[in-house]
Amino acid sequence: MAITQRTLLRAVQRAPGQGIALLERLIKRPLFGCQMCGHCILQDTAFICPMGCPKGLRDGPCGGTDMHGMCETDPSLPCVWLRIYERAERLGRVDRLLKLQPDLDWRRQGASEWTPLLKRLVGRGEHLSGAQLGPA
């Protein structure tokens with residue numbers, strides 16, 4: 001099978017974005033339980049990914065935990081939203097849990113949140129100079 005120049009060009013153009021998504025996944029999954037939903041709200045959920053909820057609830061708990069705080073859907077898991085609330089309380093960020101989140105665009109599942117951010121920064125000409133980076 002011959003690889004056309006156009007196919008090769010598309011693959012090369014996509015490679016940086018795929019590399020950024022891989023790096024993002026490698027960092028955010030172990031730190032925050034990130035599920036790469038394509039619409040990150042970690043800053044509003046005390047840095048715990050709400051997509052770890054077996055029901056996929058992004059706006060708060062279902063109310064179906066047992067008396068030990070375990071999930072009704074998967075009793076082997078602690079309720080994600082109970083963990084979010086407890087951490088938000090410790091961080092003094094409970095008010096952020098009241099923010100309603102927009103519906104999830106499932107087409108962005110697996111997409112990087114960092115790539116659009118980098119594109120916006122580059123589009124505004126916000127490049128880091130050598131002075132900003134510090135000594136090598």
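Taking (1) surrounded by 16 or more Cβ atoms within 10 Å (Cβ to Cβ); (2) at pLDDT 85 or above; (3) of a type outside the set (Val, Ile, Thr) in turn, GLY17 satisfies each apart from (2). Suppose we keep only residues that are among the hydrophobic types (A, V, I, L, M, F, W, C) and not in a helix (DSSP H, G or I) within the range 87-121. Which one would you say is surrounded by the most Cβ atoms within 10 Å (Cβ to Cβ)? Among them, the one singled out is ALA111. If you scan the range 23-71, which residues turn out to be farther than 18 Å from LEU98 by Cβ, within 11 Å of the chain's Cα centre (by Cα) and among the polar types (S, T, N, Q)? GLN35 - this is the single residue of the range 23-71 that is farther than 18 Å from LEU98 by Cβ, within 11 Å of the chain's Cα centre (by Cα) and among the polar types (S, T, N, Q).
In the range 90-110, is there at least one residue being among the small types (Gly, Ala, Ser) and modelled with pLDDT of 90 or more? Reasoning before the result, please.
Of the residues in the range 90-110, the ones among the small types (Gly, Ala, Ser) are 92, 110.
Narrowing the set further to residues that are modelled with pLDDT of 90 or more leaves 92.
Yes: one or more hits.
Considering PRO30, PRO54, which residue is more than 20 Å from GLU113 (Cα to Cα), at pLDDT 90 or above and either surrounded by fewer than 18 Cβ atoms within 10 Å (Cβ to Cβ) or touching a strand residue (DSSP E or B) at 6+ places or on another chain (Cβ under 6 Å) (or both)? Answer to the selection: PRO54. Contact annotation: residue pairs with Cβ atoms under 8 Å, 6 or more positions apart or on different chains, pairing a residue in the range 61-76 that is under 18 Å from ILE48 (Cβ atoms) and free of Cβ contacts under 8 Å to residues at least 12 places away in the same chain with a partner that is part of a loop (DSSP other than H, G, I, E, B) and among the small types (Gly, Ala, Ser), are MET70/SER76.
The values are calculated or read from the model by the stated rules, or taken from the named source; none is laboratory data. Computed from a prediction, not measured in an experiment: that's the story for all the values here. Please note: Cβ atoms are built from the backbone with ideal geometry, for glycine as well, and neighbour counts cover all protein chains shown.
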